[in-house]
Amino acid sequence: MKVCHQIVEIKEIISRDKRQGFSIGFVPTMGYLHEGHLSLVRESLQTTAKTVVSIFVNPTQFGPQEDYQDYPRDLSRDTARLEEMGVDYVFAPSPNEMYPPGFKTYVEVTQLQDKLCGRSRPGHFRGVCTIVLKLFNIIQPDWAFFGQKDAQQAIIIQKMIKDLNLETKIKVLPIVRDQDGLALSSRNTYLSPEQRQAALVLYQSLQLAQLLFEEGERRTSTIKQAMINRIQQEPLAKIDYVEIVEMENLDEISLITDKALVALAVFIGRVRLIDNVILAEKGKKE
Ligand code: AMP
C-alpha cells in the first residue's frame with residue numbers, strides 16, 4: 001500500500017492505473033477509522049480494481065467554535081488497518097497542500113446546504129462540497145462510497161454530481177452501529193462512559209419512530225413529539241433538531257406518504273451526535 005501526501009504523487013499513480021484500464025474506487029474520510037469507514041472500504045475493494053482512501057481532517061467544514069483542533073487523529077493506526085485490508089493507496093495531504101495560501105474557490109449546493117445540520121453548522125456543507133469536489137478532481141474515481149450516517153451529506157454530494165455533470169458514481173452504505181445501537185462515529189471517543197450510555201437515546205428515539213410508523217402512524221407531528229419526549233427523558237441530552245423530511249429536497253413533511261428521512265442531532269454534553277433512519281412503505285426503501 002502506498003501512502004501519498006502530495007497531490008502530484010497520487011495523480012501520477014492514478015493516471016498510470018487508469019491508462020492500464022483499472023477502475024478506481026474512492027472512500028473519503030477524516031480518519032480515526034472505525035467499522036463504519038471500513039464497511040465503505042470493503043465495498044470499494046469488492047467493486048473496483050483499485051481502492052483509494054483519503055484521510056484529511058478538512059478545516060473548511062468546521063465552524064470557528066467547533067472541534068477542528070481536537071478532532072481525533074491517528075494516521076499510523078489508520079494506515080495499518082487499511083494495509084491489512086488490501087487498500088491500494090492512502091491519500092493523506094496536509095491542510096496547506098489542499099488549501100495553499102490564496103485559495104479562493106468554494107462549491108455550494110444552495111438550499112439543501114441550509115437545512116438540518118446546515119442550520120446549526122453554517123458553512124459546513126460548503127466545506128464538504130469543496131473538499132469532495134477537489135478530491136474527485138484529483139482522484140477521478142469511477143465509484144465513491146459514502147455512509148448513510150451522514151444522510152444530508154450523501155444527498156448533497158449526489159446533487160452536486162448531478163448539477164456539475166461529474167462522472168463519478170456514488171454508493172451510499174448503511175449505518176454501522178455498536179451492539180447497543182449507537183451509530184459509530186469518530187466523535188464517540190469524546191464521550192465519558194456516562195455520556196456514552198446517555199447517547200443511546202438517539203437510536204432509541206429513532207426506533208420509537210420506526211415502531212410508530214410500523215403501527216400505522218403517518219403524522220410526522222405525532223412521531224416527532226414522541227421522539228422529543230423520549231430524548232427529553234435523558235438529562236444529559238439536549239436536542240439540536242429532530243426532523244422528518246422528504247428525501248430529495250429535505251423539506252419537512254406533515255404526512256409520510258411513501259418514504260421519509262427521520263434525522264436528528266443531539267448534544268450529549270458538548271458532543272454533537274447525529275443519526276437517522278429512513279421510514280418507507282414496504283418495498284419503497286431504495
Ligand atoms: P468521516 O470520517 O466522519 O468524514 O466519515 C467518512 C465516511 O464514513 C462518510 O461517508 C460517513 O458517512 C461514513 N461513516 C461514518 N460513520 C459511519 C457509520 N457509523 N456507518 C456508516 N458509514 C459511516
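Projecting the Cα atoms of Leu202, Ala265, Met85 onto the charge dipole of the chain, computed from C-beta unit charges around the Cα centre, puts Met85 farthest toward the positive end. In degrees from 0 to 90, rounded to the nearest 10, what is the angle of the helix 7-19 Cα long axis to the longest principal axis of the chain? Tilt of helix 7-19: around 80 degrees.
The residues Met160, Met1, sorted by heavy-atom accessible surface at 1.4 Å with ligands and nucleic acids left out, run Met1, Met160 from largest to smallest.
Ordered from highest to lowest accessible area with the whole protein assembly present and a 1.4 Å probe, Lys238, Lys11, Lys18 read as Lys238, Lys11, Lys18. In this view, the solvent-accessible surface of Tyr99, computed with a 1.4 Å probe and all protein chains in place, comes to about 30 Å².
Would you work out the charge dipole size for the chain about its Cα centre, treating the Cβ of every Lys and Arg as +1 and the Cβ of every Asp and Glu as -1, and quote it to the nearest 20 debye? Let's see the in-between values first.
Working: 35 positive and 37 negative charges, 74 e Å.
Roughly 360 debye, rounded to the nearest 20.
Accessible surface comparison of Lys224, Lys159, probe 1.4 Å, protein chains only, largest first: the order is Lys159, Lys224.
So which of Lys50/Lys115; Lys2/Lys159; Lys238/Lys282; Lys2/Lys171 end up more than 28 Å apart by C-alpha? Beyond 28 Å between Cα atoms: Lys50/Lys115; Lys2/Lys159; Lys238/Lys282. With the Cα gyration tensor of the chain giving a ≥ b ≥ c as the square roots of its eigenvalues, does the rule (a/c under 1.5 for rounded; else a/b larger than b/c for prolate; else oblate) give rounded, prolate or oblate? Prolate. Which residues does a label at Asp114 reach in the stretch 248-286, if reach means a backbone N under 11 Å from a point 7 Å past the Cα toward the Cβ? The answer is none, because no backbone nitrogen lies closer than 11 Å to the label point. Each part gets one Cα centre, and for the stretch 139-170 versus the stretch 90-107 those centres are 20 Å apart. Each helix, a run of at least 4 DSSP H residues, gives -39500 (n - 2.57); summed and divided by the residues of the chain, these come to -11500 deg cm²/dmol at 222 nm.
Nearest 10 degrees is fine. How inclined is helix 220-232 to the longest principal axis of the chain, computing both from alpha carbons? Relative to the chain, helix 220-232 is tipped by roughly 90 degrees.
Taking every protein chain into account, the accessible area of the chain amounts to 49 square angstrom per residue (probe 1.4 Å). Computed extension gain for Asp163 through Ile253, at 0.36 nm per residue and net of the alpha carbon distance, reaches 29.9 nm.
Using only Cα atoms and rounding to the nearest 10 degrees, what angle (0 to 90) does helix 35-47 make with the longest principal axis of the chain? The two axes meet at around 50 degrees. Less than 5 angstrom separates the built amide H of Asp240 from those of Ala265, Val266, Phe267, all sequence-distant by 5 or more or on a different chain. Round to a whole number: what % of the accessible area of the stretch 168-286 belongs to carbon and sulfur, probe 1.4 Å? Answer for the stretch 168-286: carbon and sulfur cover 49 percent of the accessible area. Potential lengthening of the chain between Gln65 and Met85 amounts to 3.6 nm, from the contour at 0.36 nm per residue minus the alpha-carbon distance. The gain in end-to-end length when the Gln210 to Ser76 segment is fully stretched comes to 44.3 nm, 0.36 nm per residue minus the alpha carbon separation. For the stretch 202-286, the dipole from Cβ point charges (+1 on Lys and Arg, -1 on Asp and Glu) about the Cα centre works out to 280 debye, to the nearest 20. Take every pair of alpha-carbon atoms less than 8 Å apart whose residues are at least six positions apart; their mean separation over the length of the chain yields a relative contact order of 17 percent.
With 21 Å as the limit, the listed pairs Lys149/Lys169; Lys134/Lys169; Lys104/Lys162; Lys224/Lys259 have Lys104/Lys162 beyond it between alpha carbons.
The values are calculated or read from the model by the stated rules, or taken from the named source; none is laboratory data. These numbers come from a predicted model, not from an experiment. Cβ atoms come from the backbone with ideal geometry, glycine included; neighbour counts cover every protein chain shown. For accessibility, only protein heavy atoms count, side chains too; no ligands or nucleic acids. Shrake-Rupley method; radii C 1.70, N 1.55, O 1.52, S 1.80 Å.
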